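Student: Pasting in a structure now, in structure tokens, and then I'll have a few things to ask.
The values are calculated or read from the model by the stated rules, or taken from the named source; none is laboratory data. Just so we're clear, the structure is a prediction, and the values are computed from it rather than from any experiment. Please note: Cβ atoms are built from the backbone with ideal geometry, for glycine as well, and neighbour counts cover all protein chains shown. For accessibility, only protein heavy atoms count, side chains too; no ligands or nucleic acids. Shrake-Rupley method; radii C 1.70, N 1.55, O 1.52, S 1.80 Å.
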Amino acid sequence: MKNSIQEINPFRINSIDLENLVVEIGFGNGVYISNLAKLNPNKNFLGIEVSGESVKKLSKIVKKEHLKNVYIIKMDAYWVFYFFLKDNKVLEIYINFPDPWPKKKHVHKRLTTIENLYLFSRKLKEGGFIQIKTDDLKFYNFTVENAKMLNCFEIHIYENLKDIVQTKYEKKWIEQNKTIWTIKLIKISKPKIEVNLREIRRIEEMPRFKTDFIDFRVLENKVFKIEENLIVKFFRSFQRDDEWLIETLLSENDYIHYFFTSLRKKDSYYILSISSFSEVIKTEGIKKFLEFISSKISNLK
């Protein structure tokens, strides 16, 4: 599951099964999670980030300081929790100064939507907690309101709490006398309400389809709506020996797959598949996409 700097490849695993697991969502420069790891050598720490630059920074710290209890995964936090973390396994979740997304049209992007808090709570052990720090009053109110709706947390609020470990920005804002809210959500039960989660079905094997030839150039920059929550966009196409490739972006219930679709000649027919150079999570959406393209070949020429 890990290499020398303990980076987890989400396309090569089925689950993350670490004991005494602590998670930081959006670890930035990596200082907070690495300091926590040094103070708690008996716990395992998983840092989740979408920024490649942040992953590089934490990787350097992990390597330099020989931290054996820090793991890194580059992926959207929702899907890490959804795909890879087991229910009732996580001890602690830390979210430090996330983007407050202040505009109304962006509220759904906040890390503390009721959907996200519901998912996070399912993964927490009873007695475990989520700790959120913010300097944004609207985000603070939004988070507390959603936590109350789930009715599964004991909620503690602190202003300008002096934590043992602080982020760079936290230290800076304390010096500027800004108010910082720390919200600690301790799980005391299962959520009292049901929340519909974005769901994706996984499959065991990546399908391949026999098909006629299609010149991938006719698909370049085309967009197709396969289903309500399954949309594909094509970009550049390439030809190499007897294989044709096209750069493909597939949105499946807001999860983004990026890969190369492959068309390879075999005997008197062609095989449509995902290129062996691409790494993707095997899902029902991938299968439906390949079925769609295969069935539409005659209309796409």
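Student: Within the range 256-272, how many residues turn out to be surrounded by fewer than 17 Cβ atoms within 10 Å (Cβ to Cβ) and of a type outside the set (Val, Ile, Thr)?
Tutor: Let us first name the residues in the range 256-272 that are surrounded by fewer than 17 Cβ atoms within 10 Å (Cβ to Cβ), namely 256, 258, 265-269, 271.
If we keep only those that are of a type outside the set (Val, Ile, Thr) as well, we get 258, 265-269.
Here the count works out to 6.
Student: Between a first residue in the range 186-199 that is under 30 Å from Gly285 (Cβ atoms) and open to solvent by less than 40 Å² (accessible area, probe 1.4 Å) and a second residue that is hydrophobic (A, V, I, L, M, F, W, C) and assigned to a loop (DSSP other than H, G, I, E, B), which pairs have beta carbons less than 7 Å apart while being 6 or more apart in sequence or on different chains?
Tutor: From residues that are under 30 Å from Gly285 (Cβ atoms) and open to solvent by less than 40 Å² (accessible area, probe 1.4 Å), the pairs are Pro191/Cys152.
Student: Please verify whether Lys233 is open to solvent by 70 Å² or more (accessible area, probe 1.4 Å) and more than 27 Å from the chain's Cα centre (by Cα), treating the condition exactly as stated.
Tutor: So Lys233 fails the test.
Student: I've got another one for you. In the range 263-277, how many are in contact (Cβ under 8 Å) with a residue 12 or more places away in the chain and of a type in the set (D, E, K, R)?
Tutor: Just the residues of the range 263-277 that are in contact (Cβ under 8 Å) with a residue 12 or more places away in the chain, to begin with: 263-265, 269-277.
Next, from what is left, pick out any that are of a type in the set (D, E, K, R): 264-265.
Residues in the range 263-277 being in contact (Cβ under 8 Å) with a residue 12 or more places away in the chain and of a type in the set (D, E, K, R): 2 in total.
Student: So which residues in the range 53-94 are within 14 Å of Asn9 (Cα to Cα) and open to solvent by 30 Å² or more (accessible area, probe 1.4 Å)?
Tutor: Result: Lys74, Asp76.
Student: Related question: Tally time: how many residues in the range 158-171 are open to solvent by 40 Å² or more (accessible area, probe 1.4 Å), touching a residue at least 24 places away in the same chain (Cβ under 8 Å) and within 21 Å of Pro102 (Cα to Cα)?
Tutor: 1
Student: Only residues that are aliphatic (A, V, I, L, M) and assigned to a helix (DSSP H, G or I): list them for the range 122-142, please.
Tutor: Once the filter is applied, which keeps residues that are aliphatic (A, V, I, L, M) and assigned to a helix (DSSP H, G or I), the range 122-142 yields only Leu137.
Student: Right, another one. Would you check which residues across the range 117-146 are open to solvent by less than 50 Å² (accessible area, probe 1.4 Å), within 24 Å of Gln166 (Cα to Cα), free of Cβ contacts under 8 Å to residues at least 40 places away in the same chain and out of contact with any Pro (no Cβ under 6 Å at 6 or more places or on another chain) and list them?
Tutor: Matches in the range 117-146: Phe120, Phe142, Val144.
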